[in-house]
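Beneath this line is the structure, given in structure tokens, with notes to follow.
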């Protein structure tokens with residue numbers, strides 16, 4: 001008996017019965033450090049992530065080795081840098097030998113149950129099967145973020161990933177350790193949907209309305225000279241294209257910032273839900289939580305969007321590790337040691353008590369978390385980008401606490417050297433400063449050496465590098481689209497709803513036309529929106545046909561209204577009402593000012609939002625069930641409508657408070673009406689974004705007020721402008 005007791009005592013004393021910890025890895029997409037409360041952001045609401053930082057270790061200098069989604073993810077799965085795992089001949093797929101054994105395979109071999117739920121985006125060689133490398137796999141992608149459920153409702157991918165994660169831990173066999181990857185698609189934008197807000201940055205319903213009352217400061221590094229100081233190859237890459245998708249106007253910037261923050265808070269809410277489930281399952285006290293992101297993110301700084309280049313915004317990521325087993329004095333610490341995503345798989349294996357493969361190029365963070373320091377930790381990090389080098393410039397370089405060096409190999413080895421102590425914003429390039437000659441040569445040598453260690457220099461670019469954009473396009477909506485000889489772009493291919501977003505219970509393609517149908521049971525107006533871009537100044541042409549008694553419209557310069565419904569829109573509308581001379585062709589402001597002009601009226605809207613008729617043209621009535629040609633011309637604050645060549649609206653809007661100068665295009669299907677409407681031959685031509693506005697346009701004293709909608713008194717008469725001040 002005494003012998004058994006002593007054996008048990010010594011086993012316990014020396015930790016031989018220590019349970020292997022569980023590992024949960026929360027991994028976000030496109031998130032830099034300044035979008036979390038624990039990293040100093042006072043506006044964003046991330047209480048659950050902040051709590052992890054308070055109870056764990058927060059790393060102030062965490063970086064990725066290659067700032068692009070798939071390469072960053074592959075680095076974690078393989079333990080290798082891109083130069084070591086990517087097939088350098090193809091540049092867009094991993095080498096077979098590099099992905100034969102992932103860190104998850106090693107954990108499985110050592111008794112772990114492994115799970116992978118969420119975004120995949122790992123470019124594997126032909127024949128490779130992810131199901132062979134994890135016990136449970138459920139890929140949940142974006143495009144769209146909202147997934148239709150069996151009951152007809154919609155659920156956001158962030159919530160679905162956590163739903164499956166909770167299922168995973170609830171099914172966990174007792175006594176068996178697990179390693180679970182929960183890899184979110186958020187905060188990645190929906191790149192093919194450039195409608196600001198719910199289109200481009202869709203958020204979970206749990207955070208509806210958050211940040212609506214906040215006005216965000218403009219990006220700190222947004223002065224035009226900062227952008228202009230870049231070499232041409234950085235001014236003309238995808239970083240610049242996506243800037244025009246997201247950040248180039250104040251309205252777009254504010255809308256997308258609110259939406260992006262909602263995505264962050266949506267992740268935080270989901271993590272809070274998971275942590276409660278972990279606690280309920282009795283697993284929390286032995287489960288290590290890791291939170292990080294695949295790369296940083298430009299949010300308008302330097303005139304950029306996206307990632308891919310050498311600046312801090314692109315390379316820097318959040319990293320929080322909460323190990324409930326560490327001593328209390330180690331909790332809540334903030335470490336300055338430079339760490340990489342390359343270190344994650346080594347750390348996971350070290351926690352599991354498994355030998356780290358010699359081929360792994362990172363180091364374990366275990367000792368940093370448990371003790372706050374470790375001997376002989378690195379003082380510099382290597383960074384590179386070359387996946388997609390044909391459109392985004394490829395670079396390689398080194399970073400230490402004092403300096404950052406980068407050279408863009410496909411552009412004459414164009415070099416950058418930044419003094420991170422004196423110039424943390426990296427605005428000054430010291431390459432040609434003689435005082436830094438020795439530092440420059442040292443950083444070059446260090447980069448040469450690391451490149452050699454990791455696989456050697458890249459082959460020269462096979463095809464000429466191509467510009468993706470002119471640095472400052474005249475019209476942002478023109479990007480990517482092929483024009484006809486008259487400068488028009490087609491918005492509809494005649495075959496599918498590609499490029500449009502709406503409820504497909506009501507919208508379809510019939511006879512080569514976009515078709516909206518309702519049997520009269522529709523309770524709210526529903527819309528089909530063009531997702532290609534916002535529009536500012538343009539000419540839109542299309543053909544439309546509507547059934548008798550139908551009620552539809554063409555929306556422009558409009559805003560998404562998710563508070564009213566996922567596909568709801570409000571903005572200017574060209575009304576389409578068959579056999580209704582009182583509204584067919586009029587201009588209606590759905591946002592609140594309502595009817596701005598009735599058919600045939602020329603109108604000036606004054607600074608107080610009152611619409612005054614200055615002239616009226618006789619109107620024809622256009623019968624239902626025939627194809628008519630509709631035309632809209634918008635220049636600055638003047639809006640004109642035509643049907644079959646007849647001018648039906650001509651409005652000058654001087655109401656700067658309520659007018660809209662930018663927005664999306666959409667087609668309407670009206671509620672409570674049995675109807676069918678069709679659209680085809682949809683063409684648009686964009687004018688300059690900086691088209692001048694009309695000011696101080698005189699309103700004649702004879703002008704009279706536009707007749708409002710709704711039931712009016714029997715003796716209603718329009719007001720006369722000349723009597724306004726009497």
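The values are calculated or read from the model by the stated rules, or taken from the named source; none is laboratory data. Quantities reported herein were computed from a predicted structural model and do not represent experimental measurements. For neighbour counting, all protein chains shown are included, and Cβ atoms are generated from backbone atoms with ideal geometry for every residue, glycine included.
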In contact with a helix residue (DSSP H, G or I) (Cβ under 8 Å, 6 or more places away or on another chain), buried (at least 23 other Cβ atoms within 10 Å of the Cβ), more than 24 Å from residue 172 (Cα to Cα) and in contact (Cβ under 8 Å) with a residue 24 or more places away in the chain - does that describe any residue in region 91-109? yes
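Matching residues to (1) at pLDDT 95 or above; (2) over 24 Å from residue 489 (Cα atoms):
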site	(1), (2)
596	yes, yes
601	yes, yes
611	yes, yes
622	no, yes
630	yes, no
634	yes, no
641	yes, no
677	yes, no
Mind telling me which of the residues 419, 425, 433 ends up being surrounded by 14 or more Cβ atoms within 10 Å (Cβ to Cβ), assigned by TED's automatic domain parsing to the domain that holds residue 242 and over 30 Å from the mean Cα position of the chain (by Cα)? 419
Hey, any hits in region 183-198 for a residue that's buried (at least 17 other Cβ atoms within 10 Å of the Cβ), under 21 Å from residue 349 (Cα atoms) and touching a strand residue (DSSP E or B) at 6+ places or on another chain (Cβ under 8 Å)? yes
Which condition number in (1) outside any helix (DSSP H, G or I); (2) surrounded by 15 or more Cβ atoms within 10 Å (Cβ to Cβ); (3) at pLDDT below 95 is the one that residue 515 fails? (3)
Note on region 302-356: residues within 21 Å of residue 387 (Cα to Cα) and surrounded by fewer than 22 Cβ atoms within 10 Å (Cβ to Cβ) are 312
Tell me whether region 224-236 contains one or more residues that are assigned by TED's automatic domain parsing to the domain that holds residue 348, under 12 Å from the mean Cα position of the chain (by Cα) and under 28 Å from residue 395 (Cβ atoms). no
Of the conditions (1) closer than 22 Å to residue 336 by Cα; (2) outside any strand (DSSP E or B); (3) modelled with pLDDT of 95 or more, residue 399 fails just one. Which one is it? (2)
For the structure I just gave you, tell me whether residue 282 is assigned to a loop (DSSP other than H, G, I, E, B), under 30 Å from residue 205 (Cα atoms) and assigned by TED's automatic domain parsing to the domain that holds residue 24. yes
Residue that is assigned by TED's automatic domain parsing to the domain that holds residue 644 and either modelled with pLDDT of 95 or more or more than 29 Å from residue 242 (Cβ to Cβ) (or both), where the choices are 565, 585: 585
Within region 677-693, does at least one residue satisfy the condition of being out of contact with any strand residue (DSSP E or B) (no Cβ under 8 Å at 6 or more places or on another chain), at negative phi and surrounded by 19 or more Cβ atoms within 10 Å (Cβ to Cβ)? yes
Condition check for residue 211: part of a strand (DSSP E or B) and buried (at least 19 other Cβ atoms within 10 Å of the Cβ): no
Does any residue of region 131-140 turn out to be within 29 Å of residue 276 (Cβ to Cβ), assigned to a loop (DSSP other than H, G, I, E, B) and more than 29 Å from the chain's Cα centre (by Cα)? yes
Can you confirm whether region 272-279 contains a residue that is in contact with a strand residue (DSSP E or B) (Cβ under 8 Å, 6 or more places away or on another chain) and crowded, with 24+ Cβ neighbours inside 10 Å? no
Counted residues in region 350-374 being touching a strand residue (DSSP E or B) at 6+ places or on another chain (Cβ under 7 Å) and assigned to a loop (DSSP other than H, G, I, E, B) come to 3
